[in-house]
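Reviewing the structure listed below.
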Amino acid sequence: MKYLTGNEIRRIWLDFFKGKGHSVEESASLIPSDDKSLLWMNAGVTPLKKYFDGRKTPKNPRICNAQKCIRTNDIENVGMTSRHHTFFEMLGNFSIGDYFRNEVIPWAFELLTSEKYFGIPKEKLYITYYPDDLDTFNKWVEAGMDPSHLLKCEDNFWEIGEGPCGPDTEMFYDRGEKYGDYAPSAISEGIENDRYIEIWNIVFSQFNSDGSGNRKSYKPLPKKNIDTGAGLERLASIFQEADTNFDTDLFMPMIKRIEELSGVKYTGQSDFKIIADHARTIVFALSDGAQFSNEGRGYVLRRLLRRALKHGLALGIKKPFLYEMVDTITNLMGEFYPNLNETKELSKKLILREENKFLETIDSGLLKLKDIISKSNTKVISGKDAFVLFDTYGFPVELTVEYASELGFSVDKEGFNAEMEAQKERARKSQNNQSAFTKQNKEYLDFKTQVEFVGYTEDSCEATIVKVFNEGIVTDKTPFYAVCGGQVGDSGIIRKGNNEYAVIDTLTLPHKQHLMVVENPLLFKEGDKVYLEIDKERREKITKNHSCCHLMFKSLRDILGSHVSQQGSEITEDQLRFDFNHFESLDDETILKVEALTNDFINRAATRVTKEMTIDEAKQAGAIAEFGEKYGDKVRVVNLGATVDVCGGTHVNNTKDIEKFMALPVSSIGSGIYRISGLTASNIQNEKKYLKNYYTDIDKLTNKAHELEKEAKEHNINLSFNFDTNLELTGSYQDIIDIRQLIANLQNEVKSFEKQVRSALEKVSLDSYSVYLKEIVNDNAVIVLDEFDKSKIRMLGDYLGDNLKNGTVVLINDTEGKLQVLIKTKNQSLDASSLLKEVLGKFGGNGGGKKDFAQGSLKDNLSKAQLVEAFKEKI
C-alpha cells in the first residue's frame, strides 16, 4: 500500500470531494461562536449544525472540510493508548438535503480503494451497518465490497435526544495478525483491539427523533442529510504503517524536538506522547484566542500545560521548554493553518509565562504532597489536602490524582469538590455531549422565494406580501433589516389600506429572507399590497452604534495587539456590546486610551465607502470578517476610514455622524474572553440611566448616613452628615472612574460617621449605667435586670467591671422569658467560666468563657430567685 504523509491525506480528501461538487469549508475556530453548550469545537459537523437544523442555508449543499477539534473528556488516556488525543483533525464530507446513500457509499468505496486516491486493498476493509438498514448493505455490495466483510452492528444508529438521527456505517482497516489474532466479529462485538482500526463513519441523517427510543415511529426528515467523519491521525498511522498515531509524521517532528530538549532517546515512552499531544493542543487553542485561566477552557489549557511539564520533569527537563516547541508545531502545521504563523510569538510569550508560574511552585508542591502522604494513615489523600495543593501550589486535582496513583494513593475527589464549593465545572467535564440539532422547520426550509432588501438606501417602500407564516410576513422587497451579525432587527410599521400594524422585530429565515414579526399575521394574505416603514429614529441609533463598534474594534487591536479578535457582539438602539479575547482584563488607563482613539477615528469625519468584492479581494484589502460568519462568492465590504470590514449591517454615511463614543466598564465573561460596552450620541446624554447601579450604591450609603443621624437625634446627640454627592458628568469613561472614587470616598466618610455616632451613643449609654454602681457592695454584686438590651449587656458588664478592685459582678437579665447571665471578675482566686458552669449546671443552663469573663443562659426564668441566691452565696 502506498505511503502518504498527513498533508497528502488531507489534500487527497479535500480534492476528491471538491471534484464531486463540494465546497471546501475552512476549519472553524476551536472556540465555538454560537453554541454555549460547548467549550471547544469537538467534531467536524459542529460548525455546520446551523445548516443541518435549518437555521441557515449554505450556498452549496455539498461541503467538505478538515476541522480542528479538541476533546478533553479522557485526558488520562492520552499517551496510554495508541490513538487518544486531545487535539485532532476530523476530515468530513456533508450533504445538506442534497445527495444521500446512493451517492456517498460509491464515493467512499472509490476514495478508499482507487489507486488514484488512497488505494487501500478492499480485502483490508471491513464495514459495519445497522441491521435494519439493508439499503446500506446492498449499496456496499453493489459498490464492490465482499458481503463477508459487511458486519451487522446494533450500535450503528446515531441519535442524541430529539432531532435529526439515523443509521450509520463505519469503515475499519485490518492491520493484520501482527496486532492480534482477532476475528472480524471483534468489530461488531465491540472488543477492544489494535488490529481493526475504525477510519471513517458515515451517518445517514434521515429521521426526526421524538426522544421516545421507538425508532420505527420516527418520522422522516423533510431533507435527508449526510454527516461523515474520518480521523486524519488514524489514517496517517495506516498509510505510514505506524504502530501508533504518535509514530507518524504528524507527531515525530515534535517527539524529535523533545529528544533534543531532554537528551533522552524516544523508544515509545508515554511521557513523549503526552508532551507532544498537549503542546499541540495548547498552541492551536492559543492561536484561536483561548487563554490560560482557572475556569472553563482556560482551565483545560492550564491543566494540559502542567501535566506536560510534569512529564517533562520525568524526562529530566527542569526548566521551561514547551514554549520552545512552538516553532516545531508551527513549521509542521502552519502551511495548512497559517494562523499559527501569525500568533507564534504571542503563543511563546503566553506559554513561557505560564510555565514559569507553575515551575515556581511545583517543587514546594511536590514536597507538600510527599509530606501529606508520609503523614497519612490511609491510602487516600483528603479533599482538603487536594484543595491546598490546587489553591496554594497550582496543582489541578487531576494532576494530584496522577501523582498519587503513581505512589499507590487515591484522592477524595468528592471532598475536593466540596472544598471548591460553588466553583464552576472544571475541565474534566468540559466535554459536554454535543447538543442535538434543533428540529427542522419544514415550512421555513421549503420557502425559497428570494426577496430584495432595500434598507441600505431606503427607510420605506411599497411591497407585495409573498408569504404569511404564523410568526409574521415576508414581502417581495423590504427596508427592514433582519437580525444578523450582532445587529438587532428593525421595527416599524406596515400599512395596509387605512390600517396600520406594528412590526415588532425582523428575523432572518434559512434562505436569507427577512421575516417581519407582527402580532396577528392572519390579518394579511399573500398578494396584499402594503406600505413598509422602519422606525427611523431607532435605526439611526442602531446604525451609529454599529459603525462605532467597528471603530472600537480597530482601537482594541491597535492598542492591545493584532491577536484580539471578535468573540461576539450585540448592537441595539441603546448601546453597543463587543466581546473579544485577551490575556488579561483592561485597566482604566487602557479603557480611556481605547475611548480616546475611537473618538479620534470618529472625528476624522471619514465618508463611508461600501463595495462588493470576493472574499479573497476583501482579505487582500485588509478587511476583517465578522466573527463566526461564512460568506458566499461576493461579500459587502465597509470602509470607515480607520477600518475596513466585511459586514452586512447598516452604517453611518460619515463617521462624524456617530458624534461621540463613551466606553462602559469591561467585564470577564469566560476564560480569556472580555466584554466592553459603550454609548454613542444621544444615549450619552442619558448616561445616568446606564450608571444606575452606581447611583443606587450612592443612595444606599447616604440613606445609611441619614439613619445614623436619626438614631443620634433620638438620643439627643446633635451630629449631622455632610457629603457632596453631586458629580458633573462629561460623557466619558472618566465619569465612571470619578463615580467609583466618589463611592469609595463616601464609603469611608459613612464608616467614619458611623464610628462617631457609635462612640457618642456608647458614651450616653455609659453615663446611664452609673445608676448600677450603687448596687456594688464590698466590691461584689449580683444585679437583676429586666428586659435589658441584650446587645448592650456586655458593655454594661465591662463598665461595671472597670469599677471593681478585686471583686466580681454577676448580671442576670430576664428577657423574653429566658435568663441571660454574665460574669465579670477581677478576683484572682475565682474562675468566671468555672463559676458560671457550676451554678447554671444546677438549673439546666449552660455557658462558658475565660477566667475573668463568662456568659451563658437558662431557657426559662422560673429559677431566677434561686439563681440569684446561688450566685450571691458564691461571691
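The values are calculated or read from the model by the stated rules, or taken from the named source; none is laboratory data. From a predicted model like this one, the values you see are computed outputs, not experimental measurements. In this analysis, Cβ positions are derived from the backbone assuming ideal geometry, glycine residues included, and neighbour counts consider all displayed protein chains. Note: areas computed on protein heavy atoms with side chains; ligands, DNA, RNA excluded. Shrake-Rupley method; radii C 1.70, N 1.55, O 1.52, S 1.80 Å.
In the stretch 1-32, the qualifying residues are those that are open to solvent by 60 Å² or more (accessible area, probe 1.4 Å) and within 34 Å of the chain's Cα centre (by Cα), and the one that is farthest from Val283 (Cα to Cα) is Val24. Within the stretch 395-440, the set of residues being crowded, with 17+ Cβ neighbours inside 10 Å, touching a Gly at 6+ places or on another chain (Cβ under 8 Å) and either at pLDDT 70 or above or polar (S, T, N, Q) (or both) comprises Phe395, Val411, Asp412, Gly415, Phe416, Glu419, Ser430, Gln440.
For the structure I just gave you, tell me whether Ile70 is buried (at least 17 other Cβ atoms within 10 Å of the Cβ) and over 18 Å from the mean Cα position of the chain (by Cα). It is false that Ile70 is buried (at least 17 other Cβ atoms within 10 Å of the Cβ) and over 18 Å from the mean Cα position of the chain (by Cα). Condition test on Arg83, is it open to solvent by 40 Å² or more (accessible area, probe 1.4 Å) and in contact (Cβ under 8 Å) with a residue 12 or more places away in the chain? Yes.
Under the condition of being farther than 22 Å from Arg302 by Cβ, surrounded by 12 or more Cβ atoms within 10 Å (Cβ to Cβ) and out of contact with any helix residue (DSSP H, G or I) (no Cβ under 7 Å at 6 or more places or on another chain), the residues counted in the stretch 378-392 number 1. Residues of the stretch 217-238 include at least one that is surrounded by fewer than 21 Cβ atoms within 10 Å (Cβ to Cβ), among the hydroxyl-bearing types (Ser, Thr, Tyr) and at pLDDT below 95. Flag: Leu862 matches the condition of being in a loop (DSSP other than H, G, I, E, B) and either open to solvent by 60 Å² or more (accessible area, probe 1.4 Å) or more than 20 Å from Asp779 (Cβ to Cβ) (or both). The residue that is nearest to Ser547 (Cα to Cα), counting only those in the stretch 478-504 that are of a type in the set (Gly, Ala, Ser) and more than 31 Å from the chain's Cα centre (by Cα), is Ser491. State yes or no: is Asn7 touching a strand residue (DSSP E or B) at 6+ places or on another chain (Cβ under 7 Å) and not hydrophobic (A, V, I, L, M, F, W, C)? No; evaluated as a whole, the condition is false for this residue. Taking the criterion of being closer than 12 Å to Ile875 by Cα, among the hydrophobic types (A, V, I, L, M, F, W, C), within 60 Å of the chain's Cα centre (by Cα) and outside any helix (DSSP H, G or I), the only residue of the stretch 822-842 that qualifies is Ile823. Every listed requirement among (1) open to solvent by less than 20 Å² (accessible area, probe 1.4 Å); (2) in contact (Cβ under 8 Å) with a residue 40 or more places away in the chain; (3) not hydroxyl-bearing (Ser, Thr, Tyr) is met by Ala242 save one, (2). Here Phe578 fits the description: touching a residue at least 40 places away in the same chain (Cβ under 8 Å), under 27 Å from Asn339 (Cβ atoms) and out of contact with any His (no Cβ under 9 Å at 6 or more places or on another chain). Can you tell me which residue in the stretch 541-594 is most open to solvent (accessible area, probe 1.4 Å), limited to those that are among the small types (Gly, Ala, Ser) and within 21 Å of Gly672 (Cβ to Cβ)? This residue is Ser562. Summed over the stretch 139-177, residues that are of a type outside the set (A, V, I, L, M, F, W, C) and surrounded by 15 or more Cβ atoms within 10 Å (Cβ to Cβ) total 15. Among the residues of the stretch 315-336, those identified as open to solvent by 10 Å² or more (accessible area, probe 1.4 Å) and of a type in the set (S, T, N, Q) are Thr328, Asn331.
What do you reckon, is Ala463 more than 13 Å from Ile542 (Cα to Cα) and crowded, with 16+ Cβ neighbours inside 10 Å? In short, yes.
The residues of the stretch 717-742 that are open to solvent by 50 Å² or more (accessible area, probe 1.4 Å), touching a helix residue (DSSP H, G or I) at 6+ places or on another chain (Cβ under 8 Å) and either within 19 Å of Gln756 (Cβ to Cβ) or in contact (Cβ under 8 Å) with a residue 60 or more places away in the chain (or both), listed by number, are Asn718, Ser720, Phe723, Gln734.
Of the set (1) among the aromatic types (Phe, Trp, Tyr); (2) out of contact with any helix residue (DSSP H, G or I) (no Cβ under 6 Å at 6 or more places or on another chain); (3) more than 20 Å from Lys541 (Cα to Cα), all apply to Tyr694 but (2).
Of the strands (runs of 3 or more DSSP E) contained entirely in the stretch 595-699, those carrying at least 1 residues that are open to solvent by less than 50 Å² (accessible area, probe 1.4 Å) and without any contact (Cβ under 8 Å) to a residue 40 or more places away in the chain fall at 609-614, 634-639, 644-646. Residue check: is Gly312 crowded, with 20+ Cβ neighbours inside 10 Å, within 23 Å of Val388 (Cβ to Cβ) and not aliphatic (A, V, I, L, M)? No.
Of the numbered conditions (1) over 29 Å from Ile591 (Cα atoms); (2) loosely packed, with under 15 Cβ neighbours inside 10 Å; (3) not hydrophobic (A, V, I, L, M, F, W, C), Asn748 fails exactly one; give the number of that condition. The one condition Asn748 does not meet is (1).
Among (1) of a type outside the set (Gly, Ala, Ser); (2) over 28 Å from Glu584 (Cα atoms); (3) surrounded by fewer than 19 Cβ atoms within 10 Å (Cβ to Cβ); (4) more than 30 Å from the chain's Cα centre (by Cα), where does Thr248 come up short? Going through the list (1) of a type outside the set (Gly, Ala, Ser); (2) over 28 Å from Glu584 (Cα atoms); (3) surrounded by fewer than 19 Cβ atoms within 10 Å (Cβ to Cβ); (4) more than 30 Å from the chain's Cα centre (by Cα), Thr248 breaks only (3). A search for C-beta distances below 9 Å between a residue of the stretch 1-13 that is free of Cβ contacts under 8 Å to residues at least 24 places away in the same chain and any residue that is assigned to a loop (DSSP other than H, G, I, E, B) and surrounded by 14 or more Cβ atoms within 10 Å (Cβ to Cβ), counting only pairs 6+ apart in sequence or on different chains, returns Arg11/Phe336.
Among the residues of the stretch 142-176, the ones that are over 25 Å from Lys2 (Cα atoms), out of contact with any Cys (no Cβ under 8 Å at 6 or more places or on another chain) and of a type in the set (A, V, I, L, M, F, W, C) come to 4 in all. For Tyr182, the test of being touching a Lys or Arg at 6+ places or on another chain (Cβ under 7 Å), open to solvent by 50 Å² or more (accessible area, probe 1.4 Å) and closer than 17 Å to Lys124 by Cβ is passed. Listed by first and then second residue, the pairs with beta-carbon distance under 7 Å, at least 6 apart or on different chains, first residue in the stretch 360-377 and open to solvent by 40 Å² or more (accessible area, probe 1.4 Å), second part of a helix (DSSP H, G or I), are Ser364/Tyr393; Lys368/Leu389; Lys368/Tyr393. Quick check on my filter: what residues within the stretch 271-300 are surrounded by 24 or more Cβ atoms within 10 Å (Cβ to Cβ), at pLDDT below 95 and under 23 Å from Leu369 (Cα atoms)? Correct list: Val300 only.
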